[in-house]
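**Q** This is the structure I want to talk about, given as structure tokens.
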Amino acid sequence: MILPALALLLAVQPPARPRQTPVRPAASRAAAPAPDGTILVGAAGAERQVLLVEERQAGRLGRWVRADQLAGAAGGSLVEDGVGRWRLRLPGVVLAVREGIPFLVAGEGETTEVPLLAAPQVEGERLWVPFQLVSDVLPRLSSSLTYDPTRRALTLTRGRPTPPRTRTGSPPTAPTAR
């Protein structure tokens, strides 16, 4: 009685599936976004968290990033040039920033003025810059930096940084035939 039941059981079992190679979780998942209250900055795979602060003023949401953390995570530097003046060096771009002035100057020698939505501010001894600098300005000024809004990540491209891109007054004119 047991042998016919066992034979019947073996006959109705589905065939064994071919073995599949297990998929590594890290390879199948997209890179994780930055935790709340932070952005990611650095080379892909070696990104560091940088503090992102949000505040409401006059009904508008302001978002701020600590400039010293931004510079450190990107492999750059932040130097105070004088009272209320800083020089922020990041891959492919140098920025002159002033407290309370809603624009910055990009480049050395040939420079470009860049308007900001809000003026950089100092709280304690820390310089805070508008988030717009990370999300919009830096990727436009340096081909070494890209911003991914889905992950809230400013990523440095590998390789040699290119010089900052600047705007010039008027395009060169073509020589005229004589």
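**Q** Would you please name the residue that is modelled with the highest pLDDT, looking only at residues in segment 106-139 that are part of a strand (DSSP E or B) and of a type in the set (S, T, N, Q)?
**A** Let us first name the residues in segment 106-139 that are part of a strand (DSSP E or B), namely 106, 112-115, 121-123, 126-130.
When the remaining residues are screened for being of a type in the set (S, T, N, Q), the result is 112, 121.
Values: 112: 88, 121: 93.
This residue is 121.
**Q** When you check residue 71 against the structure, is it hydrophobic (A, V, I, L, M, F, W, C), over 14 Å from residue 135 (Cα atoms) and part of a helix (DSSP H, G or I), yes or no? Even if it seems obvious, please write down each step before you answer.
**A** Details: hydrophobic (A, V, I, L, M, F, W, C): yes; over 14 Å from residue 135 (Cα atoms): yes; part of a helix (DSSP H, G or I): yes.
Against the criterion (hydrophobic (A, V, I, L, M, F, W, C), over 14 Å from residue 135 (Cα atoms) and part of a helix (DSSP H, G or I)), residue 71 qualifies.
**Q** Another question, then. Within segment 41-52, how many residues are open to solvent by 20 Å² or more (accessible area, probe 1.4 Å), within 11 Å of the chain's Cα centre (by Cα) and hydrophobic (A, V, I, L, M, F, W, C)?
**A** We begin by selecting, within segment 41-52, every residue open to solvent by 20 Å² or more (accessible area, probe 1.4 Å); these are 43-49, 51.
Restricting the remaining residues to those that are within 11 Å of the chain's Cα centre (by Cα) gives 43-44, 47-49.
Still in the list and also hydrophobic (A, V, I, L, M, F, W, C): 43-44.
Residues that pass the stated criteria total 2.
**Q** Looking at segment 120-136 only, could you name the residues that are crowded, with 16+ Cβ neighbours inside 10 Å and over 18 Å from residue 77 (Cβ atoms)?
**A** Across segment 120-136, the qualifying residues are 130, 131, 132, 135.
**Q** Then there is this: Pairs needed: first member in segment 53-69, free of Cβ contacts under 8 Å to residues at least 40 places away in the same chain and open to solvent by less than 90 Å² (accessible area, probe 1.4 Å); second member anywhere, assigned to a strand (DSSP E or B) and of a type in the set (A, V, I, L, M, F, W, C); C-beta distance under 9 Å; at least 6 residues apart or different chains.
**A** Pairs found: 55/61; 55/64; 69/41; 69/50; 69/51.
**Q** Here are 150, 155: which of them is under 18 Å from the mean Cα position of the chain (by Cα), surrounded by fewer than 14 Cβ atoms within 10 Å (Cβ to Cβ) and touching a residue at least 40 places away in the same chain (Cβ under 8 Å)? Step through it out loud before you land on a result.
**A** Details: 155 fails: surrounded by fewer than 14 Cβ atoms within 10 Å (Cβ to Cβ).
None of the others qualify; the one that does is 150.
**Q** What's the total number of residues in segment 31-52 that are free of Cβ contacts under 8 Å to residues at least 60 places away in the same chain and assigned to a loop (DSSP other than H, G, I, E, B)?
**A** The total comes to 5.
The values are calculated or read from the model by the stated rules, or taken from the named source; none is laboratory data. The shown structure was predicted, so the numbers you read here are calculated from the model rather than taken from an experiment. We place every Cβ from the backbone using ideal geometry, glycine too, and count neighbours over all the protein chains shown. The protein model used for the area step is the full one, side chains on, heavy atoms only, and it has no ligands, DNA or RNA in it. Shrake-Rupley method; radii C 1.70, N 1.55, O 1.52, S 1.80 Å.
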